[in-house]
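Written out below as structure tokens is the structure these notes cover.
The values are calculated or read from the model by the stated rules, or taken from the named source; none is laboratory data. Computed from a predicted model, the values in this text were never measured in an experiment. No Cβ is skipped: glycine too gets one built from the backbone with ideal geometry, and neighbour counts run over all protein chains shown.
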Amino acid sequence: MTISVRLEQACGTFGERSFAILKDRIEQRCGAEVRLAEDRADIVLSVRADLPEDAFAIEDDAPAVRIVGGGPRGLLYGVGKFLRTSRYEGGFTPSEWRGVSVPQGTLRGIYFAMHFHNWYHVASEAEIVRYTEDLALWGVNAVMVIFPAINLTGWDDPEADLAIRRIQTYTKAAKDLGLMVAIGAGNTLFQTTPKNLLAAPLQDPLKRRGNSGFPVCPSNPDGMAAILDMHGRLFEKLSSFAPDLLVFWPYDEGGCACPQCAPWGANGYLRGSRALTDLARRQWPKLQVVLSTWTFDTPPEGEWDGLARSLEHDGGWVDYIMADSHDDFPRYPLDHGVPGGLAMVNFPEISMWGNWPWGGLGAHVLPKRFQRLWDQAKHALAGGFPYSEGIYEDMTKAIIAQFYWDRDRSAGDTLREYAAYEYSPAVVEDVLTVVDLIETTASQAQMNLPVDPADVRKAADLAQAVEARLPEHSRKSWRWEILRIRAIMERERFAGEGWQTPAAEAAMRRLIEIYHSQHDITDSYHHRVRPPLVTGKELVPRL
Ligand SMILES: [Zn+2]
């Protein structure tokens, strides 16, 4: 079978990329050959200025189907919707979805936490490019990365150049698709920062903010100079890969509790972020600023009120307020409005809750949890940046990217589309049952509640039955393997002999391959993101 695609001139060079992605994904899923055609075509790709830039339409153009974007990204999102709603078993059947789709959120991001030798840290460039494409197909329009000073001794640390190159790889992968790039910034510097510049440690009575990294006090003139110097050199090294957004982070890595900086979120943090914004905008005048308020007023100390007062008089330097916590969405911006009347984005923690080691047991998916958290604030949000430690929460990324696209699209609805496309339309309801059982078990484990062994056996049996019905390309895909492995790991853990059984060990060895986890571990944080396999050779701490 041959599928002909006509690429209208209006698509420009980005259109060729959309075509290449369309061709690759269809050919991967069925025996069809997809090729460009000048005249008669089965699929037409086009761009039309009367649509909003990120919007798309899929319409009849008999005998063809026409996928139209408002701009290059809109075309890519239209291709994503077309791919997910087409059918591949027994030959290619083009999507019957018709209509116009306009995203509601303006900043639909993803944060790749590339550290600890997790997948983002060690994946090849080809894998990073492909994964960025996959997320873009779900509607993502911005990728955030950081420079991991916490792991580095200074600019002469050989890992520093590698980290810069890795930022450039992610930046290129995103920009080649027309996506925006965000870089993290704050008051934390290298491991070798002189002690006299260091910030006063946070009290953190509720143990919610952390004291990671090497934060520097911006009220100390030498401290402020060091903060500006490190970021100045960082921006210089990134000069040919201009970021679109700068994201300031207040805590965990960040903060200072000295009297001149307190309360940090309404005082020292704003002075430091403002100075870094001025520095960055000298190089990139159009740079947008996202100011995170993560764990503000934990404990209560007037940070939200102080931020609101500051931005009321002088808010022109910030574009977005980011707000979130470990659990429920912060009440302040919902009850009092967003400081400065700015747009607000969230920061869902999709990697760690109910999951230790992070990704170490396979797929992690919590549709009910993220639906509940989204419903608390969806009316007030313009998007966000989910915090990701790896590819194992891929389903959650799709759910949240679609929340940002259409705030009323349910997690279940997105999961159905995901399961039909990535696995098979025939197994959708069974996959949803497996996911529901896995979420129930993960939630009970997180809250130290008893787990019903019948649940984990049912999930494992059902996953096995689903596997027998999958087409070959789905059965062999990592997206299926990690879900199947999670079901096996939970069965061994709660209804079997634990994680040292042959079934659990085989599952973990496969995960280690999928994640490119390290065997000879010198990174003391790697056990956080590695399957808990202990054979005597690995230096993994026992859990
Ligand atoms: Zn200070």
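Within the bounds of the stretch 215-224, is there any residue that is of a type in the set (A, V, I, L, M), surrounded by 20 or more Cβ atoms within 10 Å (Cβ to Cβ) and within 13 Å of the ligand (Cβ to nearest atom)? Show your work before the answer.
Filtering the stretch 215-224 for residues of a type in the set (A, V, I, L, M) gives 216, 224.
Next cut, surrounded by 20 or more Cβ atoms within 10 Å (Cβ to Cβ) only: 216, 224.
From what's left, within 13 Å of the ligand (Cβ to nearest atom): 216, 224.
Looking through the stretch 215-224, at least one residue is of a type in the set (A, V, I, L, M), surrounded by 20 or more Cβ atoms within 10 Å (Cβ to Cβ) and within 13 Å of the ligand (Cβ to nearest atom).
Test ALA242 against the stated conditions and say whether it is away from the ligand (no atom under 11 Å from the Cβ), farther than 17 Å from GLY223 by Cβ and either buried (at least 21 other Cβ atoms within 10 Å of the Cβ) or at pLDDT 95 or above (or both). Give the derivation first.
Working: away from the ligand (no atom under 11 Å from the Cβ): yes; farther than 17 Å from GLY223 by Cβ: yes; either buried (at least 21 other Cβ atoms within 10 Å of the Cβ) or at pLDDT 95 or above (or both): no.
No: the conditions fail for ALA242.
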Here the residues within the stretch 80-108 that are of a type outside the set (Val, Ile, Thr), outside any loop (DSSP other than H, G, I, E, B) and in contact (Cβ under 8 Å) with a residue 40 or more places away in the chain are GLY80, PHE82, LEU83, ARG84, ARG87, GLY99, SER101, LEU107, ARG108
Pairs, first within 9 Å of TRP317 (Cβ to Cβ) in the stretch 268-285, second small (Gly, Ala, Ser) and not in a helix (DSSP H, G or I), C-beta under 9 Å, six or more apart: SER273/ALA185; SER273/GLY186; THR277/ALA185
The stretch 284-306, residues that are modelled with pLDDT of 95 or more and more than 22 Å from SER212 (Cβ to Cβ): TRP284, PRO285, LYS286, LEU287, GLN288, VAL289, GLY302, TRP304, ASP305, GLY306
Test result for THR188, of a type in the set (Val, Ile, Thr) and away from the ligand (no atom under 16 Å from the Cβ): no
I'd like the full set of residues that are within 13 Å of ILE167 (Cα to Cα) and either among the basic types (Lys, Arg) or crowded, with 22+ Cβ neighbours inside 10 Å (or both), limited to the stretch 96-132. TYR111, PHE112, MET114, TYR120, HIS121
Suppose we filter the stretch 139-188 for residues that are polar (S, T, N, Q) and in contact with a helix residue (DSSP H, G or I) (Cβ under 8 Å, 6 or more places away or on another chain); how many remain? 5
Tell me whether the stretch 444-457 contains one or more residues that are more than 23 Å from VAL102 (Cα to Cα), touching a Leu at 6+ places or on another chain (Cβ under 9 Å) and modelled with pLDDT of 95 or more. yes
Tally of residues being among the hydroxyl-bearing types (Ser, Thr, Tyr) and either at pLDDT below 95 or farther than 23 Å from LEU228 by Cα (or both) across the stretch 170-186: 1
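Among HIS364, HIS326, which is the only one that is at pLDDT 95 or above and under 23 Å from ASN448 (Cα atoms)? Walk me through it before giving the result.
Numbers: HIS326 fails: at pLDDT 95 or above.
None of the others qualify; the one that does is HIS364.
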Six or more apart or on different chains, Cβ atoms under 7 Å: show the pairs whose first residue is in the stretch 34-62 and in contact (Cβ under 8 Å) with a residue 24 or more places away in the chain and in a strand (DSSP E or B) and whose second is buried (at least 20 other Cβ atoms within 10 Å of the Cβ) and of a type in the set (Ser, Thr, Tyr). LEU45/SER18; PHE56/TYR77
Tell me which of these VAL247 doesn't satisfy, since it passes every other one: (1) within 16 Å of the ligand (Cβ to nearest atom); (2) crowded, with 21+ Cβ neighbours inside 10 Å; (3) within 19 Å of ALA323 (Cβ to Cβ). (1)
Please indicate, with yes or no, whether at least one residue in the stretch 488-497 is without any contact (Cβ under 8 Å) to a residue 12 or more places away in the chain and surrounded by fewer than 22 Cβ atoms within 10 Å (Cβ to Cβ). yes
Can you find even one residue in the stretch 238-246 that is at negative phi, in contact with a helix residue (DSSP H, G or I) (Cβ under 8 Å, 6 or more places away or on another chain) and of a type in the set (Asp, Glu)? no
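Enumerate the helices (runs of 4 or more DSSP H) found wholly within the stretch 109-226, keeping only those where 2 or more residues are closer than 22 Å to VAL529 by Cβ, in the same structural domain as CYS256 (by TED's automatic domain parsing) and more than 15 Å from the chain's Cα centre (by Cα).
Values: elements: 119-122, 125-137, 158-175.
By residue number, 125-137, 158-175.
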